[in-house]
Amino acid sequence: MLKYLQSDSDNNVDNVNSFHEFYMKKALELSKESYRLYGTPFGAVIVLNDKIIGYGVNNTTSNSSLHAEINAMVDASKYLKCNDLSSCVLYTTIEPCPMCSFMAREYKIKSIYIGLNSPHMGGYSKWNILEDEKLSCITPYFGKVPDVHFNILHKENKDFLDTTSFNQCFGIECCDKNTIVKY
């Protein structure tokens, strides 16, 4: 069973970088737990006002749509008792796939922090979902284009992924928003 990852004393963060690294570490912990439980190394957390309100792992062994990001968004929406996560931040170990990217837009996620990009499957790198301005015009269904940030704890995420069979699936390279390969 997954354990809740945050205690009241966990929020002592000194600066912006360590702030984002703190929450990415929580997502990475979930990724490791996901790999142990389900054989899929993906983890995500949703943060609102410096508090984790949703978390998720990939549990695609029972349902192909149970990706970490979707599970985290569903968990957060249950916590808030609404589907509007426009004040929330998503931290995810690997760039969201197209399905998770659409869901992030539907849940109106404000910002997304990503450990590793996924040039073959990413909803930002490969597909134009996370930066598609036209989706924002389809109201009330989609939110604004979220702020997207890459390479949060890149080395730690890559080192862990390299211990799994998933490292070859993604063709992951260290890159930022300006150098991501577009197909």
Any hit, region 76-90, residues being within 10 Å of the chain's Cα centre (by Cα), open to solvent by less than 10 Å² (accessible area, probe 1.4 Å) and closer than 18 Å to L153 by Cα: yes
Extreme residue, surrounded by the fewest Cβ atoms within 10 Å (Cβ to Cβ), among residues of region 52-66 that are in contact with a strand residue (DSSP E or B) (Cβ under 9 Å, 6 or more places away or on another chain) and of a type outside the set (V, I, T): L66
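Pick from K144, K182, K177, K158: which is open to solvent by less than 80 Å² (accessible area, probe 1.4 Å) and either modelled with pLDDT under 55 or of a type outside the set (V, I, T) (or both)? Outline the logic, then answer.
On the way: K144 fails: open to solvent by less than 80 Å² (accessible area, probe 1.4 Å); K182 fails: open to solvent by less than 80 Å² (accessible area, probe 1.4 Å); K177 fails: open to solvent by less than 80 Å² (accessible area, probe 1.4 Å).
Selected residue: K158, the only one of K144, K182, K177, K158 that is open to solvent by less than 80 Å² (accessible area, probe 1.4 Å) and either modelled with pLDDT under 55 or of a type outside the set (V, I, T) (or both).
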Yes/no for E106 being touching a strand residue (DSSP E or B) at 6+ places or on another chain (Cβ under 8 Å), without any contact (Cβ under 8 Å) to a residue 60 or more places away in the chain and of a type in the set (D, E): no
Boolean, I70 is within 20 Å of F102 (Cβ to Cβ), touching a residue at least 40 places away in the same chain (Cβ under 8 Å) and open to solvent by less than 50 Å² (accessible area, probe 1.4 Å): no
Scan of region 29-50 for residues that are in a loop (DSSP other than H, G, I, E, B) and open to solvent by 10 Å² or more (accessible area, probe 1.4 Å), ordered by number: G39, T40, F42, N49, D50
Count of residues meeting criterion [β-branched (V, I, T), in a loop (DSSP other than H, G, I, E, B) and open to solvent by less than 70 Å² (accessible area, probe 1.4 Å)] in region 104-141: 2
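The values are calculated or read from the model by the stated rules, or taken from the named source; none is laboratory data. Note that the structure is a prediction, hence the values are computed from the model and not measured. All Cβ positions, glycine included, derive from the backbone under ideal geometry; neighbour counts span all protein chains shown. Keep in mind that these areas ignore ligands, DNA and RNA; they rest on the heavy atoms of the full protein, side chains included. Shrake-Rupley method; radii C 1.70, N 1.55, O 1.52, S 1.80 Å.
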